[in-house]
Amino acid sequence: MKVPYQWLREYVDTDLEPGALADKLTMAGLEVDRVEERWPKIVTAKITFLEPVKGSHHLNATRVTTGDGTERSVVCGAPNIHLGDVVPLALPGAVVQAEGGESFTISSAKKMGVLSDGMLCSPRELGLSNDHQGIFVLPPETPLGMAWEDAVIELDIKAHRGDLFGMVGIAREVAAIAGTALKPPPTTVPERGKTKVAKLAQVTVVDADLCPRFTARVIQGVRLGPSPLWMVLRLAAAGMRSINNVVDITNYVMLETGQPLHAFDYDHVAGHHLTIRRAKAGEHITTLDGQDRALDPDMMLVCDDAGPSSIAGVMGGALSEVADTTTNILLESATWDGGNIRRTSTKLGLRSEASSRNEKGLDPELARVGLDRAAHLLAEIAGGTVAPGIIDVYAHPVQPRTLPFHIDDVAWLLGYTVTPSEVAAALTALQFGVEPQGDGGGMVVTIPTWRGDVQESADVVEEVGRVLGYDRITGSIPAGPLPEPQIGSWFARQERLRDILAGLGLREIVTYPLTSRAAMLNILADPSNAAPLLLGAVAPSAERDDQHVPALGKNSNRGVAHAAAAPGTNLPALAPEQLPTVTLANPLSTRQEALRLTLLVSLLETLGENARQGAAQIRLFEVGRRYIPQPAQGDQAQLPLERRSLGIVLAGPSGDEWLGDQRELDFFDLKGIVEALLRTMGIRGARYTPTQHPTFHPGRTALLELPVAAAADAPTTPVGILGELHPDVAKRYELARRGYALELDLERLFAAAPDEWHVMPISRFPTLTRDIAVVVRREIPSAEVAAAIRAAGAELVQSVTLFDVYEGTSIPADQRSLAFTIVYQATDRTLSDADGDAERAKVVAKLAEQFGAKIRE
């Protein structure tokens, strides 16, 4: 909220300069974003000389005075100035606005040989309106030499402090901090009309649950016109442009008191009767911004006898808006249900100054204050006649609440002692009521109706601390034993993981866990059976063992996970609303309506955006959580299963193209990252088995499986999936190059990491190398063959490396040749050729027994 300093001083006396006041407000818990100077070096001046500039068809040479007895030469091209006009003068060094919102600094210069020592300003150049047709001619009685300069303190007010969205609320805080009195604006209403308001208008509140209070007055004989200069300047300093005196008054009172109001053209209100109700299905309204808006039954309306006239608490309708011909006003000031206003504003995508205040849940007592203040100004400034009486539908008047309080609570929470009189003075300054109870420091505190955020004793302590000053809290060393260090905390694990991946050349991204169901389906080439695929991209770990979580299907031969519904099936596509997710009841945006089932959604969106921006080599990772919905237990809803996960995407060249490295990143670059990660974590025995998934390219996708124990024959569990993106998916994200992605379940990954590392001494004896080529069935993974070789010579085998795969002449069509290099080494002797032959025989026998393999000659 923007708080003009001079306007604020109308309600509270303070000698603090704007900067010092901003510091005081900050220390009192009100966050100050910045202090901005408005209109420096702008003064009022009078034109004392005016004649055309020779040789120009539109420029005029003027001399102006600011009342100090001197004159200043200014060249002006506006056609609307006359001798004797009082105008705003920008002195050299002043900053004014140009077209498009840009600013420029005024300096002295000659124009066609005539000195221009300043500039006469239009409303647009002063930021008052979009009018640039001529100079802003001020009323003749405007004092000369009046400086326009003002400081604006910009505050970041939190949602729970709805009472601070008005100048009076800020002034109340300043008065409490500075120890001065609050001076509320006058709200006396001169009711000089002849006909009582009850005969002029009627109000019916149908849905009082969403409208606790509705007040209205009728003001007749209003004369529309420009607002006085002081009001125009205050509105502009607070960030609002002047429109006309009636609209400006409603905006002014809203900024002053925090209470939104709406002025209806009384003569255009059908039946002079307002009905406050929920919208009906299919109803529409054209709002003040000219947009036709569809309504639903959860939205509140202010209607006349002809239909909707205003979206309650958000924006008025075009049919009854105040126009140049308006003479009679039906003025409304109401209190609305904050949650309903917020939902309505979000659904319609319509935010306004009024809705931003109404959604905070305003004090119902403020409605009458705002109404009377506006009626007072309409009579004073617009010449209106206020009809006697007020329409006030207030079924359940709010009553001040009381809380028991003891001064010991201050010492307990803030760490310093206070006296009962100090507490009473601090709370009284904030207009709380205080009634002592006994002699021991107890008291009963009456909470003002505008402070709905004060709910318990701790809140009262906060108010006392804000007024007395947080600087009274003294520093002290914590007493007691230090907390035990957390062993294996997830924070440390994830930080270690980030360090490893950053060291491998990847960049971390952090995205919102909220996304849309449509975006989740968008990562699938074939969304015909998307739910189990997204939910079970990696099955859950043993602590919540596979129950209620759709896992990847199992291949009966090797336990390899597979996706159902391969691309090209005729199954109907899944609609976004059918996707089982944890969804928000009232999302701020349809793009953030549900918790993600996979990290690949945000990763692919980021990959696509970087590719569209021309990024060459893209290596991104994210560490985050997936949220898997759980079925209800009877009538009891269950929280989602949160799985810590890692996602990686790659695309582009593998190195610097300008250095001649033209190779594209491929599957093996991604697999290499995984292997380096596993090696750094001390995880062995990883298996990469073929699988299918509708996000990935058929035949270029692998399932990562890790052993659940350290034993060589330990069973494996699926931990993640990696592969090349499906061409259809890559096309959706506008990837010109092939993309690669991976998602790992971190809980299973860290479960496979050893708690202790066993280090083997380096052998002093040389290695012995043997190559072997075997022919096996094509469907047998090379990783299984390599594992069997290691098992055959477990004590001596140091490494097994696949160096050739051959399919073709001399090899049966259903088979292939795999060639491995086996490195042997003993810790107690030098291996001989005989040892090598014996080990080779073991390998041949093992492979023949397990796979029916034959040696390729």
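The values are calculated or read from the model by the stated rules, or taken from the named source; none is laboratory data. Here the structure is a predicted model, which means the values were calculated and not measured. Backbone-built Cβ (ideal geometry, glycine too); neighbour counts: all protein chains shown. These area figures cover heavy atoms from the full protein model, side chains too; ligands, DNA and RNA do not enter into them. Shrake-Rupley method; radii C 1.70, N 1.55, O 1.52, S 1.80 Å.
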Please specify each residue of the stretch 220-232 satisfying the condition of being in contact with an Asp or Glu (Cβ under 7 Å, 6 or more places away or on another chain) and open to solvent by 10 Å² or more (accessible area, probe 1.4 Å). L224, S227
Mind listing just one residue for me: the one in the stretch 430-442 that is touching a Leu at 6+ places or on another chain (Cβ under 9 Å) and open to solvent by less than 60 Å² (accessible area, probe 1.4 Å) and, of those, farthest from I170 (Cα to Cα)? V434
For V774, which of the numbered conditions (1) in contact with a Lys or Arg (Cβ under 9 Å, 6 or more places away or on another chain); (2) more than 30 Å from R829 (Cα to Cα) fails to hold? (2)
Has the stretch 671-682 got at least one residue that is open to solvent by 10 Å² or more (accessible area, probe 1.4 Å) and in contact with a Pro (Cβ under 7 Å, 6 or more places away or on another chain)? yes
Show the residue pairs that are 6+ apart or on different chains and have beta-carbon atoms under 9 Å apart, the first residue being within the stretch 284-303 and under 19 Å from H262 (Cα atoms), the second being assigned to a loop (DSSP other than H, G, I, E, B) and open to solvent by 60 Å² or more (accessible area, probe 1.4 Å). I285/L319; T286/L319; L288/E321; L301/K280
Taking the stretch 296-352 and keeping residues within 25 Å of V398 (Cα to Cα), in contact with a strand residue (DSSP E or B) (Cβ under 6 Å, 6 or more places away or on another chain) and of a type in the set (S, T, Y) leaves S333, T335
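Here's the yes/no breakdown for (1) touching a helix residue (DSSP H, G or I) at 6+ places or on another chain (Cβ under 8 Å); (2) part of a loop (DSSP other than H, G, I, E, B); (3) of a type in the set (G, A, S); (4) surrounded by 14 or more Cβ atoms within 10 Å (Cβ to Cβ):
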{"residue": "M760", "(1), (2), (3), (4)": "no, yes, no, no"}
{"residue": "P766", "(1), (2), (3), (4)": "no, yes, no, no"}
{"residue": "V800", "(1), (2), (3), (4)": "yes, no, no, yes"}
{"residue": "V805", "(1), (2), (3), (4)": "yes, no, no, no"}
{"residue": "T809", "(1), (2), (3), (4)": "no, yes, no, no"}
Give all pairs with beta carbons closer than 8 Å in which a residue from the stretch 225-237 that is of a type in the set (V, I, T) meets a residue that is in a helix (DSSP H, G or I); count only pairs at least 6 apart in sequence or on separate chains. V232/D248
Evaluate the following for L83: is it over 22 Å from A236 (Cβ atoms) and either part of a loop (DSSP other than H, G, I, E, B) or not β-branched (V, I, T) (or both)? yes
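Test S528 against the criterion of being modelled with pLDDT of 90 or more and surrounded by 15 or more Cβ atoms within 10 Å (Cβ to Cβ), and give yes or no.
Answer is no for this residue.
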Considering only the stretch 820-857, how many residues are touching a Leu at 6+ places or on another chain (Cβ under 7 Å) and of a type in the set (A, V, I, L, M)? 3
The stretch 233-247 - residue that is surrounded by fewer than 22 Cβ atoms within 10 Å (Cβ to Cβ) and among the β-branched types (V, I, T) and, of those, modelled with the highest pLDDT: V247
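I'd like to know if the stretch 736-747 contains one or more residues that are assigned to a loop (DSSP other than H, G, I, E, B), out of contact with any Asp or Glu (no Cβ under 9 Å at 6 or more places or on another chain) and either buried (at least 18 other Cβ atoms within 10 Å of the Cβ) or not acidic (D, E) (or both).
yes
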Lone qualifier among K347, K360 - being modelled with pLDDT under 95, open to solvent by 10 Å² or more (accessible area, probe 1.4 Å), assigned to a loop (DSSP other than H, G, I, E, B) and under 29 Å from W450 (Cα atoms): K360
Could you grab me the full set of residues in the stretch 234-282 that are charged (D, E, K, R) and either within 24 Å of D163 (Cβ to Cβ) or within 31 Å of the chain's Cα centre (by Cα) (or both)? R234, R241, D248, E256, R278
When the residues of the stretch 248-271 are filtered to those that are out of contact with any strand residue (DSSP E or B) (no Cβ under 7 Å at 6 or more places or on another chain) and open to solvent by 20 Å² or more (accessible area, probe 1.4 Å), which remaining residue is farthest from A387 (Cα to Cα)? N251
In the stretch 86-111, residues that are open to solvent by 80 Å² or more (accessible area, probe 1.4 Å) and either part of a loop (DSSP other than H, G, I, E, B) or in contact with a His (Cβ under 9 Å, 6 or more places away or on another chain) (or both) total 2
Could you grab me the full set of residues in the stretch 371-410 that are assigned to a helix (DSSP H, G or I), farther than 30 Å from D248 by Cα and open to solvent by 40 Å² or more (accessible area, probe 1.4 Å)? D408, D409
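Kindly establish whether V823 is in contact with a Phe, Trp or Tyr (Cβ under 7 Å, 6 or more places away or on another chain) and at pLDDT 90 or above.
On the way: in contact with a Phe, Trp or Tyr (Cβ under 7 Å, 6 or more places away or on another chain): no; at pLDDT 90 or above: yes.
So V823 fails the test.
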I want to confirm something. Restricting to the stretch 169-219 and keeping residues that are open to solvent by 30 Å² or more (accessible area, probe 1.4 Å), farther than 21 Å from M1 by Cβ and of a type in the set (G, A, S), which single residue is modelled with the lowest pLDDT? G179
Could you run through the stretch 60-75 and say how many residues are open to solvent by 20 Å² or more (accessible area, probe 1.4 Å), within 52 Å of the chain's Cα centre (by Cα) and farther than 12 Å from K46 by Cβ? 2
Among the residues of the stretch 811-857, which ones are assigned to a loop (DSSP other than H, G, I, E, B), open to solvent by 70 Å² or more (accessible area, probe 1.4 Å) and either of a type in the set (S, T, N, Q) or under 21 Å from G685 (Cβ atoms) (or both)? T827, T830
Residues of the stretch 450-469 satisfying the condition of being touching a helix residue (DSSP H, G or I) at 6+ places or on another chain (Cβ under 7 Å) and open to solvent by 40 Å² or more (accessible area, probe 1.4 Å): W450, A458, L468
Checklist (1) over 26 Å from G647 (Cα atoms); (2) of a type outside the set (S, T, Y); (3) open to solvent by 60 Å² or more (accessible area, probe 1.4 Å); (4) outside any loop (DSSP other than H, G, I, E, B) applied to L482, failing item: (4)
Sort out which residues of the stretch 131-145 are of a type in the set (A, V, I, L, M), under 43 Å from the mean Cα position of the chain (by Cα) and open to solvent by 20 Å² or more (accessible area, probe 1.4 Å), and write them in order of number. none
Filtered residue count, the stretch 30-54, keeping only those that are part of a loop (DSSP other than H, G, I, E, B) and open to solvent by 60 Å² or more (accessible area, probe 1.4 Å): 2
So, first residue free of Cβ contacts under 8 Å to residues at least 12 places away in the same chain and within 27 Å of H376 (Cα to Cα) in the stretch 319-348, second residue of a type in the set (A, V, I, L, M, F, W, C) and open to solvent by less than 10 Å² (accessible area, probe 1.4 Å), Cβ within less than 9 Å, six or more apart or across chains; the pairs are none
